Structures are given as structure tokens and as C-alpha cells.
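Asker: Dumping the structure here so I can ask a few things about it.
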Amino acid sequence: MSRPVAVGVDGSPEAVAAATWAAGEAVLRGTKLRIVYAAQSPGPATAQSGSFEARSHWAEDLLAEAVTAVRRERPSLEIESRHRSGHPFEVLADEASEAGLLVLGSRGLGGVGGFLLGSVGMATISATERPVVLVRAPERPDAADGALPAGPARDVVVGADLDQFFAPLLDFAFQEAVLRGDRVLVLYGWSIMPVVRDASALVAAEREMGPGVARRLTEALKPWRHKFPSIEVAERTPIGGPARLLLRAADNADLVVVGRRVRKGSLGAHVGSVTHALIHHCPAPVAVIAHE
């Protein structure tokens, strides 16, 4: 059996959505689901925090409820639960190291839309080089399971950067498309000199430079087309900001795949502006893939 799919829970609706999505992903991968609750090592008990024993019982009840809820929908899925103490992001990063994928919930911003990913989530992303998928609670309860396709095939959208090494993003996106029977939509947004503001000049620039950009992307995708011949691939190279283009494409996406740079020095991990925008505003699940 392949590595498990791990999901962090904390009793929130977003964590429930994450567990539901993670369960579907585990089914697709033919592996087990590991549900994890991570709690800061307790200090002295207070009237507000309660005793250590009470907090421990609460955590165990939370895990039991999560397991029961998932098993109700996935009775044949192998599920295990873990209650661990320590800094939550460190615990979750450690769990990710053993898993094929870590899934976390993200809070929506109500009518404004988008993600409000807490400090634990951002710290976890920075602390692990394993893939992390962020799932927001659906607006409709019947839309909670984003891992299994229903109806016509949808997209696994991946943001490409032709100036960086983005092979890990393509590897992940194509493998996920195989699991779902989805199309892979590869987007590369590019820009021209900022002094060009006239609409006719923009059209002319796109006409002159656009074919060359498109050829570069086509050439870069050849190894994946060869490796995954059954997967439909769509390529888009419009002028425009990558974040805006990816957010627009997310309307028909089962998953949006973005990257983050791995830094070995004192600066630590780096989450770029495009990835930052996607994990805070994308309505679809977002996979963050570490790359050099």
C-alpha cells in the first residue's frame, strides 16, 4: 500500500471538509486515511482551559467523531487516528513526512470569498516539502467531496513558470488527473513592458510574441504528454497576471496546483505572491508543491 493521506482536524467546519476531501483522495489512491489532532503541550490547567484530562477527552472525542463521519461515507476505507502533543505545525509537518499528502482546512471569508489560512497552516506549508492540499468548507453541504469526480470531466489546473523548475508541479498535476480522469490545464501568464498601455499595442505585442511563448510551453510539456498519453492536456499562454488567470480557471477545477520555493539557507521556505494569492482566495482545493 502506498503512503497514507493525512489530514489535520480541529473540530472546525473547514477541518470536516478537509477530512471529507482527504477520504476521497485516499480512496482514489487506494491507501488509508490518517486523521490527526495536534495540540500544544499543555501548561498548568486554568478555569478557562480545563484540566489536562478534560482536554485529552475532548480531543479523543473529536477524533472519534471525525472517524465516524468519514466511515459513514466510506465504510470500506481504512482509517486511523492520532492524538499528538506539540506545536501543531511541527506535528503536522512530521505527519506529512510519513504521508503521501497532507490535507488541511482553510477558513472562507464569508461574502468576501477566499481563504483565511491561519498561522499554523502557513507554518506547516513552510515546514514540509511534502505536498499540502488546502480545502475550504463548501458553500453547499452536498459539495464537500471534491476528490471524486461526478459528471463531465473537469480540470486539474497547474500554474507554470517557464523561468523556473516546475517539473514537480507537473508530476503531481498529471498523477492527480490520472486518478480523476480529468484534463490537465496548464496556464502560463506573461506580460510585456509596462510602458505599453495602448490597447492596440498590447494586441500587436501578443500577436508578435505570443506564438513564441506558446511554443516554449508546448516544448516544456512534451515529456509529460509522452508519459501520460491518455490524459487530455490544454495549454493557455495569455497575457495577464498568473494569479488572476488561475483564479478564473478554478471555476472548473477539481484541484489547482501551485508551487513554492525550497530554500536551504537561513531565510527558510518561500511562498511567492501567486501561491499566496491562490491559497487565500481560490474556492477550489489548492495543492502547494515544494520545488527547487
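The values are calculated or read from the model by the stated rules, or taken from the named source; none is laboratory data. Values in this document were obtained by computation on a predicted structure and should not be read as measured data. Positions of Cβ are generated from backbone atoms using ideal geometry, with glycine treated the same way; all protein chains shown enter the neighbour counts.
Asker: Going through segment 58-108 one residue at a time, which ones are over 23 Å from the mean Cα position of the chain (by Cα) and within 15 Å of residue 120 (Cβ to Cβ)?
Answerer: Within segment 58-108, 84, 85, 86 meet the criteria.
Asker: Identify, please: which residue in segment 216-272 is touching a helix residue (DSSP H, G or I) at 6+ places or on another chain (Cβ under 8 Å) and among the basic types (Lys, Arg) and is, among those, modelled with the highest pLDDT?
Answerer: Filtering first and then ranking leaves 227.
Asker: Looking at 80, 73, 14, which is the one that is modelled with pLDDT under 90 and either closer than 18 Å to residue 287 by Cα or surrounded by fewer than 16 Cβ atoms within 10 Å (Cβ to Cβ) (or both)?
Answerer: None of the others qualify; the one that does is 14.
Asker: Right, another one. For the structure I just gave you, tell me whether residue 140 is touching a Ser or Thr at 6+ places or on another chain (Cβ under 8 Å), surrounded by fewer than 20 Cβ atoms within 10 Å (Cβ to Cβ) and at pLDDT below 90.
Answerer: In short, no.
Asker: Here is a follow-up. Anything in segment 20-43 that is over 13 Å from residue 80 (Cβ atoms) and either within 17 Å of the chain's Cα centre (by Cα) or not assigned by TED's automatic domain parsing to the domain that holds residue 88 (or both)? List them, or say none.
Answerer: 20, 21, 24, 25, 28, 29, listed by residue number.
Asker: Another question about this same structure. Among 111, 151, which is assigned to a helix (DSSP H, G or I) and either modelled with pLDDT under 85 or more than 27 Å from residue 2 (Cβ to Cβ) (or both)?
Answerer: Testing whether each residue is assigned to a helix (DSSP H, G or I) and either modelled with pLDDT under 85 or more than 27 Å from residue 2 (Cβ to Cβ) (or both) leaves just 111.
Asker: Only residues in segment 168-194 that are more than 25 Å from residue 26 (Cβ to Cβ) count as the first member; pair them with residues that are among the hydroxyl-bearing types (Ser, Thr, Tyr), Cβ under 6 angstrom, at least 6 apart or cross-chain, and list the lot.
Answerer: 188/237
One line per residue, one yes/no per condition, for (1) at pLDDT below 95; (2) buried (at least 21 other Cβ atoms within 10 Å of the Cβ):
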{"site": "159", "(1), (2)": "yes, yes"}
{"site": "162", "(1), (2)": "yes, no"}
{"site": "167", "(1), (2)": "yes, no"}
{"site": "173", "(1), (2)": "no, yes"}
{"site": "179", "(1), (2)": "no, no"}
{"site": "183", "(1), (2)": "no, no"}
{"site": "189", "(1), (2)": "yes, no"}
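Asker: Within segment 1-34, track down each residue that is farther than 15 Å from residue 254 by Cβ and of a type in the set (Ser, Thr, Tyr).
Answerer: The answer is 2, 12, 31.
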